[in-house]
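The values are calculated or read from the model by the stated rules, or taken from the named source; none is laboratory data. The structure displayed is predicted, hence computed values, not measured ones. Neighbour counts run over all protein chains shown; Cβ positions are idealised from the backbone, glycine included. Remember, those area values only see protein heavy atoms, side chains included, never the ligands or the DNA or RNA. Shrake-Rupley method; radii C 1.70, N 1.55, O 1.52, S 1.80 Å.
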Amino acid sequence: MRLEFGVLLICALGAGWTLGLEYEQPTVLITLLVRNKAHILPMFLSYVEQLDYPKQRIAFWLRCDHSSDNSIQLLQQWLEHSGDFYHSINYAFNDETTRYQNESSAYDWPVSRFKHVIALKEEALQYARDIWADFIFFLDADVLLTAPQTLKVLTALQLPIVAPMLQSESLYSNFWCGMTEEYYYQRTDEYKEIYHGDKVGVFAVPMVHTAVLVDMNYAGARYLTFDRQRLVQMQQRSTQQVALYNGPVDDIIVFAMSANHSGVPLHICNKLPFGYMMQPLETSDTLQQDLQQLNNLRVNMVYDLGAVPPVQPYLQRHLQLPEKTKLNLDNIFMINLQRRPERRRKMEQLFVELGLQVEHFAAVDGKQLNAQLVQEMGISFLPGYEDPYHHRPMTMGEIGCFLSHYRIWQQIVQRQLRQVLILEDDIRFEPYFTGSAQRVLQQASKFDYDLIYFGRKRLKDESEPWVEGTDSLVHVGYSYWTLAYVITLRGAEKLLAVKPLEKLIPVDEFLPVMFGRHPQKNLSEAFEPRNLIAFSAAPMLLYPVHYTGEAGYISDTEDSQQVVEVVKQTSTSGEAQLKSNRQQVFPKEDINNLLEQDLKLGESSHGNNLPQVSVSKSHQEL
């Protein structure tokens with residue numbers, strides 16, 4: 001099937017005909033190669049269909065072969081439902097062969113596969129010339145364009161070659177800021193600045209891939225190629241003396257070098273959060289890794305966009321969401337204030353994406369408390385307690401926070417729940433949370449423990465040795481925050497047994513007291529026995545959504561306006577510092593050392609726990 005963009009030339013004789021004319025959007029040919037992408041196609045096709053661009057100005061060049069899943073069936077369904085909306089669709093499907101010559105897995109890239117993909121891209125490039133397309137958009141099926149205005153923004157830039165910057169589950173993206181003499185990825189400081197949005201705009205780079213828009217009206221576009229042999233031939237015919245390309249037979253590298261040879265600049269644009277991309281897998285990986293990666297992107301969408309953008313109704317039945325789990329625990333509680341329904345909605349969306357079966361627990365709201373209610377509850381405060389950084393007594397918000405956790409401990413005992421995960425509602429899950437949590441719990445099952453932090457803030461520069469025989473658990477030191485922790489029935493009994501409501505302190509001070517790592521003796525000596533056995537996941541499995549001073553930061557404990565009146569101890573030392581500050585509360589000279597330790601810890605754990613990112617296809621490091 002092949003229909004071409006028509007060319008209409010109107011010659012106007014007479015004054016005024018050229019004034020006030022409304023121009024059509026440029027014509028765009030979207031090139032799509034699909035292989036074994038049934039798990040992501042419902043989202044990919046839905047988001048392409050939702051692009052805010054005239055569909056009659058879009059044509060497709062679509063190929064699908066060597067697939068062993070139902071990618072072809074999904075594409076046929078999309079063609080039947082939406083194909084007529086577009087100017088034209090040139091497609092060819094081949095289901096006769098599922099493997100390339102000398103291919104060890106579906107994620108392997110033997111020479112035969114490179115040659116096939118290169119030949120297809122060359123054909124697509126020539127097709128764009130034949131139909132007089134203004135632009136060709138090379139788009140991988142691993143790309144999720146969640147910004148509807150993507151095409152309008154990119155075409156309006158009027159650049160020879162430009163790519164929309166895409167985010168992944170890590171630092172991987174679809175551009176390089178540096179290239180070695182051997183034509184491979186080179187780390188640069190600018191890369192992170194662009195990726196994290198510290199620099200916003202359009203930037204010249206040596207490499208773009210995965211989602212690349214080419215202006216076919218630019219004269220240099222006629223020299224662009226994905227074929228190494230053709231590139232070398234062009235270099236040999238060049239009037240200028242140039243070193244002949246002797247690098248890899250890799251389509252994206254050859255394309256970048258052909259642009260360089262032809263004087264065609266490549267750009268990356270991060271003016272918008274355009275969308276997301278999957279990372280290439282290693283040869284030994286499986287579909288399960290790809291599904292987990294897609295799941296991580298969906299979780300990021302909830303945080304970044306407020307929700308996963310909807311999929312077309314006729315494609316929804318093809319979505320694959322994780323099955324519900326309690327992580328082999330008796331229960332998972334999520335603490336949420338009734339006046340924070342937006343947090344509950346977001347958390348419930350996250351639980352769907354993560355496959356977590358969670359029970360909502362209504363938090364005690366400090367704004368509903370007053371001195372009389374606190375007295376009627378039989379609550380007394382530890383004499384002389386003041387916040388170590390603010391030098392103030394407990395806020396009503398801190399009292400409500402403690403009571404929320406306290407009442408869950410009571411339920412654990414009443415319901416005889418052996419192990420429970422307690423989550424607060426302002427947390428950001430790390431990628432692969434479910435698998436990492438199960439790994440931590442499996443390693444902890446060999447030991448006698450009461451509590452495991454999944455998320456916390458270290459407060460002292462002290463050694464936290466590994467729990468013997470594990471690579472995901474450490475003996476926990478003095479820590480703040482109760483973002484997430486696993487507690488056992490025995491642990492809850494120990495916490496209740498010391499009657500904490502009779503000498504109340506904040507819950508994230510109380511826990512370190514109970515496992516014997518609080519530095520203030522006057523607090524510790526008030527509670528006996530202090531025999532809680534506590535570990536921590538390493539690295540952390542989740543973090544706060546916002547830190548102090550960041551946009552969107554709200555504290556329902558520290559920002560409470562009502563303060564319980566108790567006798568305050570005077571102190572002139574130290575500056576007030578919020579518990580939710582991103583920076584660790586350590587001497588300044590120790591901060592860099594600690595961050596370096598955390599970085600090494602994260603890298604070593606990632607190497608043990610998580611799927612490694614492939615560099616075999618795009619040669620890019622994390």
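Applying a threshold of 23 Å to the alpha-carbon distances of Lys152/Lys346; Lys152/Lys271; Lys499/Lys521 flags Lys152/Lys346 as lying beyond it. For the pair the range 504-546 and the range 382-402, the centres of their Cα atoms are 15 angstrom apart. Using the Cα coordinates of the range 156-200, the gyration tensor eigenvalues translate into equivalent-ellipsoid semi-axes of 18, 16, 10 Å, sorted from longest to shortest.
For Leu157, the shell of other residues with beta-carbons less than 15 Å away shows a net charge of 0, using +1 for Lys and Arg and -1 for Asp and Glu.
Packing order of peptides 200-210, 144-154, highest average first: 144-154, 200-210 (average count of other Cβ atoms within 10 Å over each peptide's residues). In this structure, the amide hydrogen of His267, modeled 1.01 Å from its nitrogen in the peptide plane, lies closer than 5 angstrom to those of Ile161, Val162, Ala163, Val205, counting only residues at least 5 positions away or on a different chain. When you filter the chymotrypsin sites (Phe, Trp or Tyr not before Pro) in the range 108-152 for DSSP loop state and at most 16 other Cβ atoms inside 10 Å of their Cβ, you are left with Trp132. Between rounded, prolate and oblate, where does the range 430-495 land on the alpha carbon gyration tensor, with a ≥ b ≥ c its root eigenvalues, rounded for a/c under 1.5, else prolate if a/b exceeds b/c? Rounded, because the longest to shortest axis ratio a/c is under 1.5. Surface composition of the range 367-497: carbon plus sulfur atoms hold 47% of the accessible area, using a 1.4 angstrom probe and ignoring ligands, DNA and RNA. For the range 73-107, applying the loop criterion from DSSP together with a ceiling of 14 other beta carbons within 10 Å to the GluC sites (Glu not before Pro) yields Glu96. Protection proxy ranking, highest mean first, for peptides 248-260, 297-309: 248-260, 297-309, where packing is the per-residue count of other beta-carbon atoms within 10 Å, averaged. Summing charges over all other residues whose Cβ lies under 11 Å from the Cβ of Phe402, with Lys and Arg as +1 and Asp and Glu as -1, gives -2. When the solvent-accessible area of the range 263-307 is split by element, carbon and sulfur atoms take up 53 percent of it, the probe being 1.4 Å. Accessible surface calculations at 1.4 Å, restricted to protein heavy atoms, place the range 214-293 at 46 Å² per residue.
When only alpha carbons of the range 37-115 are considered, Rg and Dmax amount to 14.5, 43 Å. Rounded, prolate or oblate: which one fits the range 56-198, using the alpha carbon gyration tensor with axes a ≥ b ≥ c (rounded when a/c is under 1.5, else prolate when a/b beats b/c, else oblate)? Taking the square roots of the gyration eigenvalues as a ≥ b ≥ c, the range 56-198 is oblate. Residues with beta-carbon under 9 Å from that of Gln357, excluding Gln357: net charge, scoring Lys, Arg +1 and Asp, Glu -1? Local net charge: +1. Normalised by 2.2 N^0.38 Å, with N the number of residues, the alpha-carbon radius of gyration of the range 369-492 equals 1.23. Oblate is the label for the range 193-294, because the ratio a/c of its alpha-carbon gyration tensor axes (a ≥ b ≥ c) is 1.5 or higher and a/b is not greater than b/c. Measuring max minus min along each principal axis, the C-alpha atoms of the range 323-440 give extents of 47, 30, 26 Å (largest first). About its Cα centre, the range 333-470 has a charge dipole of approximately 360 debye under the convention of +1 per Lys or Arg Cβ and -1 per Asp or Glu Cβ, with nothing else charged.
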